[in-house]
Amino acid sequence: MRILLSAYACEPGSGSDKEVGWQWANNLSLLGHEVWVLTRSIHKQAIEEELKKLGSNAGNLHFIYIDADWFIKATKWMKGRIYLYYYLWQFNAKNIAAKLNKKIKFDLVHHVTWVSFRQPSFMGRLGIPFVFGPVAGGETAPWSLRAGYGIRQWVSDIVRDLVNYMARFDPLVRSTYKNASHIYVTSEHTLKCIPKKYRSKAQVKLAIGIDDIDGGENNRIGGLYDAESGRSFRILYVGRFVGWKGLHLGLKAFEVFLRHAPEATLTMVGRGPDERLFRKLASSLRLDGRIEWIPWVKRDELPRIYRSHDVFLYPSLHDSGALTVLEAMSNGLPVVCLNLGGPGAIVDNGSGICIDVEGKPKSAVVEELADAMRRLHDDLDFLARVSAGAINRSKYFTWNGLVRSIYP
């Protein structure tokens with residue numbers, strides 16, 4: 001097929017929406033489709049370098065770079081200008097797409113980034129089949145678990161809740177749903193944000209994936225944890241340091257768990273605006289000697305970090321995808337998380353422990369997170385079983401599998 005991708009964000013090896021855009025383009029190409037990609041010129045250098053590496057394998061990939069530099073220069077003073085620019089970019093992209101379509105006659109057009117149900121796409125106006133998504137963003141942090149947020153995160157989540165509610169009334173967003181042949185959303189929470197009259201066109205699918213995994217052996221550095229080995233039980237978190245990642249819950253749960261396993265350690269990899277808040281919380285819980293804080297590392301260094309730990313702790317409150325969860329699982333780490341958003345959809349009973357939070361107070365959720373870590377620490381047969389299960393489960397969430405599920 002001749003496929004036109006609208007990928008505002010598209011850059012190999014960058015993570016987040018940029019990685020999503022690139023993976024869709026590359027994997028559709030690998031399936032034999034002829035793919036044209038509309039994206040921003042700021043991604044051009046990284047894309048062109050990757051195309052050189054791919055050589056002849058990139059022969060059916062074509063990139064069209066679109067930008068409006070005049071707007072960027074004229075609005076340097078404007079906070080939040082990126083959202084206005086996104087609308088302008090979408091409008092320009094639609095006009096360019098219409099001209100391309102007259103020449104190439106695309107079989108369909110597919111919007112892949114941004115991965116947000118709140119922002120529209122104008123590609124449905126081309127008069128050809130239009131696929132929208134997978135898009136995300138409908139997840140909401142339970143109010144009882146927001147206790148412990150900093151002021152910035154409280155305000156951010158309240159604004160997010162309001163914007164999510166108002167998005168269903170946005171005429172441009174509703175027009176996007178109306179014009180779409182198929183709508184893909186990342187969770188049941190986001191599905192509920194789609195107006196009822198359009199939900200019959202919608203289906204739940206993750207917006208993220210990992211590269212295909214060869215084999216299935218657990219190549220843990222130092223082997224699986226064994227109490228008799230004398231080494232500590234190592235817990236890992238990788239991600240941004242922001243309030244909605246739930247680290248105010250995770251740190252308290254780790255403190256409770258330490259009473260049972262005082263030799264345990266927690267490694268925190270990442271950065272973010274709430275890092276000071278979390279470091280202060282860790283100090284107040286007297287965790288300083290048991291936590292190692294590591295800044296962001298290069299992506300190719302992460303597998304070594306994953307494989308030198310025993311459990312992945314990820315108590316996020318409204319994560320639509322959680323790529324680090326998949327990465328950890330593919331490296332044999334069972335996951336302790338909350339049954340919310342992407343992690344709740346990815347982690348099953350055979351690959352970790354997923355805590356149900358509906359109707360529960362914060363104290364109960366903290367205790368259950370600690371209990372999950374206790375079980376993995378004490379029951380080594382269970383730890384070995386879910387470590388292997390994490391690898392097997394991650395194989396269901398490859399990029400190739402995701403793309404094939406929509407383009408069989």
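Descriptive notes on the structure:
- Meets criteria (under 25 Å from V347 (Cα atoms) and either assigned by TED's automatic domain parsing to the domain that holds V131 or surrounded by fewer than 13 Cβ atoms within 10 Å (Cβ to Cβ) (or both)) for A207: yes
- Subset of segment 38-53 [basic (K, R) and either assigned to a strand (DSSP E or B) or touching a Ser or Thr at 6+ places or on another chain (Cβ under 7 Å) (or both)]: R40
- Options A136, A93; residue that is under 19 Å from the mean Cα position of the chain (by Cα), surrounded by 17 or more Cβ atoms within 10 Å (Cβ to Cβ) and in contact (Cβ under 8 Å) with a residue 60 or more places away in the chain: A136
- In segment 259-270, the residues that are more than 8 Å from V238 (Cα to Cα) reach residues that are among the basic types (K, R) with C-beta atoms within less than 6 angstrom, at least six apart or across chains, in these pairs: H260/R374; T265/R234; T265/R290.
- Any pair with Cβ under 8 angstrom, 6 or more apart, that starts in segment 343-364 at a residue that is at pLDDT 95 or above and ends at one that is assigned to a loop (DSSP other than H, G, I, E, B) and surrounded by fewer than 22 Cβ atoms within 10 Å (Cβ to Cβ): C354/N339; C354/D348; I355/N339; D356/N339; V357/P142; V357/N339; K362/A147; K362/G148
- Number of positions in segment 348-374 that are farther than 15 Å from G250 by Cβ and surrounded by 14 or more Cβ atoms within 10 Å (Cβ to Cβ): 3
- Search result, residues across segment 245-288 that are within 21 Å of E368 (Cβ to Cβ), of a type in the set (G, A, S) and either part of a loop (DSSP other than H, G, I, E, B) or touching a Pro at 6+ places or on another chain (Cβ under 6 Å) (or both): G246, G250, A261, A264
- Out of P303, P334, sole residue that is modelled with pLDDT of 95 or more, touching a helix residue (DSSP H, G or I) at 6+ places or on another chain (Cβ under 9 Å) and closer than 25 Å to L402 by Cα: P334
- Filter pass, L338 being closer than 20 Å to E188 by Cβ and either in contact with a Pro (Cβ under 6 Å, 6 or more places away or on another chain) or crowded, with 23+ Cβ neighbours inside 10 Å (or both): yes
- Members of segment 1-37 found to be of a type in the set (S, T, N, Q), out of contact with any Leu (no Cβ under 6 Å at 6 or more places or on another chain), under 14 Å from V115 (Cβ atoms) and outside any loop (DSSP other than H, G, I, E, B), listed by number: S16, Q23
- Qualifying residue in segment 142-161 (condition: of a type outside the set (K, R), more than 30 Å from K280 (Cβ to Cβ), in the same structural domain as S6 (by TED's automatic domain parsing) and buried (at least 17 other Cβ atoms within 10 Å of the Cβ)): no
- Members of segment 45-94 found to be at pLDDT 90 or above and among the polar types (S, T, N, Q), listed by number: Q45, N60, Q90, N92
Condition check ((1) among the acidic types (D, E); (2) out of contact with any Lys or Arg (no Cβ under 9 Å at 6 or more places or on another chain); (3) touching a residue at least 40 places away in the same chain (Cβ under 8 Å); (4) within 25 Å of G401 (Cα to Cα)) across all residues:
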| residue | (1), (2), (3), (4) |
| --- | --- |
| W24 | no, yes, yes, yes |
| I42 | no, yes, no, no |
| A58 | no, no, no, yes |
| H62 | no, yes, no, yes |
| Y65 | no, no, no, no |
| L84 | no, yes, no, no |
| N101 | no, yes, yes, no |
| I104 | no, no, yes, no |
| L108 | no, no, yes, yes |
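- Hits in segment 289-325 (condition: assigned to a loop (DSSP other than H, G, I, E, B) and closer than 27 Å to D157 by Cβ): P295, W296, P315, S316, L317, H318, D319, S320, G321, A322
- Of the residues making up segment 122-140, those that are out of contact with any Gly (no Cβ under 7 Å at 6 or more places or on another chain) and closer than 28 Å to K245 by Cβ are F132, G133, P134, V135, G137, G138, T140.
The values are calculated or read from the model by the stated rules, or taken from the named source; none is laboratory data. Bear in mind the structure is a predicted one, so any value in this text is a computation, not a measurement. Neighbour counts run over all protein chains shown; Cβ positions are idealised from the backbone, glycine included.
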